[in-house]
Structures are given as C-alpha cells and as structure tokens.
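First up is the structure itself, then whatever we jot down about it.
No lab work stands behind these numbers, since they all come straight from the coordinates. The model shown is predicted, which means the values in this text are computed figures rather than measured ones. Here the Cβ positions follow ideal geometry from the backbone for every residue, glycine too, while neighbour counts run over all protein chains shown.
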Amino acid sequence: MLKQRVITALILAPLTLWGLFGLSAEHFIWFISAVVLIASWEWADLSGSSTLGRVLYPAAMGLMLYGLEQVRTPELDLNILIFAALGWAAALYAVSCYPKTPFWSSTSARLLMGLAVLIPCWVGFVELRTSFWLGKDELLYVLLLVWTADVGAYFFGRRYGNKKLAPKVSPGKSWAGVYGGLFATSVLALFASLYWQLSVLNTLTLILITLVVTAVSVLGDLLESMVKRHRGLKDSSHLLPGHGGVMDRIDSLTAAAPIFVLSLKLTGLTL
C-alpha cells in the first residue's frame, strides 16, 4: 500500500502542479473542469445512482460548467460563492446531526448536494487562476493552506487527540487536530504577510480569512466522510491507487477554494 501511494504521488504531484500553474488560463479551465467532472462521476456513486446515472450526472455537470463559462460575470460568480457559503452552513448542520439524515438521505438530494459542492469549487478555482485581480499567488496560497492544515492536524492529533471531533462521521479526527491545523495555518499566514509585505491591518485580515478557510476545509472533509459512511464506502473510487479517488484528494478544497475567494471579495484584500 505504501509503495502504491508513493508511486501514485510521484506521478500525480507534477501533473497536478503543471495543470494548476503551467497551463494558460484557457487551458486551466479545461483542466479544472476535467477534475470536477471526474469528481462528479464519483459523487454520483456516493449518491447511490444507477450505472446510467453515473454516466448522465457528469454529462449534465459538463453541460452546466460549459454554460456557466459562457455567461460568467463577476456578479454571477459572487452570487454563486455566497450560495456556497450558505450551503456549507447547511453542511455543518448535517454533519453535526449525523446519523440523522432528514434532508439529504435520498439519491436525488445527494445529487443536488454534489452540484452545491462542485460547481462553487469550480468557480473558486477559475476565479483564482483567471481573475484580473487574483492569480497564481492566491491559488498557491489556498493550496498551501489546505496542505499545512492537514500537516498541523496530523501531528497535533497524534500527540493530543483524545477528544474526537465527529466520531460518528470520521473517528480519526480530533479537536486537537483542528486546533493544530488552525495554529499551523496562522503561522503560514504570518510568513505569507511578510513575503507580500502586507500592512498590519491586511495581515490581521489575512489571518482571519485563513482561520475561517481552515475551519471550512475541515468541514469539506467531514461532509464527504459523512456521505461515504452513509453509503458504506471507504473511498470515493479507486482511480488513484493507494489514495482512493479524486474526491478524496479535493474534499477539503471543495470548501476552501470558494470560501477563500468569497472572503477576498468581501474584504477587498489583495495579495
């Protein structure tokens, strides 16, 4: 298993970095759309769709992303990101109430949940890479934020993780891990503010945004874990040997990317 994980990571890491940073803005949209379409295929399975549904759902997702790209405006993107924030508030309620499943237990409800997760994620990444006031620095920062949160959560969780965060959803996660992630990303924000030579006010704003996005990224992970547990699945698929599926790799980013962009828009912070 470890050998599989290492080999997959060695192949996947450079491919991902090339797709995120090496492509033109237009080709980046195609790249991130492909990632979202694969994730939507996995989500159809997590939703309990039939074999036909697993074909039709990503096809419908592709048509929606294509149509959205044709009509996108800053105002529309902002509305979608605001909707995403409301959606993640509903996700927090669902996770906290699990195993009670009053509003998302049906296949159709979970398919709609997938749209609410993946479309704002797509908008967030497209904004990060193609917006005239955002760019590669912001994209790199949100990736580093999620990775740093994972590292902090791992080490703090192993050392101090006695009190579980959501044992019925993800038994391995602890409150200590959350605090470790928040601490680690706060340090990241401080170093980033020094690199970007931000003012004191903008540094405090960046730290606040970072803490919010870190917390929401944990929720992204928990939401997918909840849906997998409801379906009795360990991984979203087996596309990535040793790593599960694409959704397993981007679950935190599905929440982090749109909320990060929304926070920058609402605060007017430029990095």
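Spelling out what I want: for every residue of region 181-186, take phi, set θ = phi - 60°, compute 6.51 cos²θ - 1.76 cosθ + 1.60 (Karplus), and round to whole Hz; glycine and proline get x. Taking θ as phi minus 60°, the curve returns x, 5, 5, 4, 6, 5 Hz for region 181-186.
Amide H contacts of Leu165 (H built 1.01 Å from N, in plane; Pro and chain starts excluded): Lys173, Ser174, Trp175 sit under 5 Å, all sequence-distant by 5 or more or on other chains. For region 2-267, a simple Cβ point-charge model (Lys and Arg +1, Asp and Glu -1, everything else neutral) yields a dipole of about 1060 debye relative to the Cα centre. Here the contact order of the chain, divided by its residue count and restricted to Cα pairs under 8 Å and six or more residues apart, works out to 25 percent. Shown in residue order for region 255-266 are the 3J(HN,Hα) couplings computed by the Karplus curve 6.51 cos²θ - 1.76 cosθ + 1.60 at θ = phi - 60°: 8, 5, 4, x, 6, 5, 5, 4, 5, 5, 5, 6 Hz (x for Gly and Pro).
Once a ≥ b ≥ c are taken as the square roots of the eigenvalues of the Cα gyration tensor of region 66-168, is the result rounded (a/c under 1.5), prolate (a/b larger than b/c) or oblate (a/b not larger than b/c)? Kindly include the intermediate steps, with their values, before the conclusion.
Numbers: a/c = 3.09, a/b = 1.24, b/c = 2.50.
Note, shape of region 66-168 comes out oblate.
Couplings 3J(HN,Hα) for region 48-57, derived from phi with the Karplus relation 6.51 cos²θ - 1.76 cosθ + 1.60 (θ = phi - 60°), are x, 5, 6, 4, 5, x, 6, 8, 6, 5 Hz, where x marks Gly and Pro. Segment Leu140..Cys97, full-extension length gain: 12.1 nm, with 0.36 nm per residue of separation and the alpha-carbon distance subtracted.
Ranked by the mean number of other Cβ atoms within 10 Å of their residues, highest first, the peptides 258-264, 194-200 come out as 258-264, 194-200. Per-residue ellipticity at 222 nm, computed for the chain from helices alone with -39500 (n - 2.57) per DSSP H run of at least four residues, works out to -27000 deg cm²/dmol. Evaluated over region 2-267, the count of Lys pairs having alpha-carbon atoms less than 13 Å apart is 4 (only pairs 8 or more residues apart or interchain).
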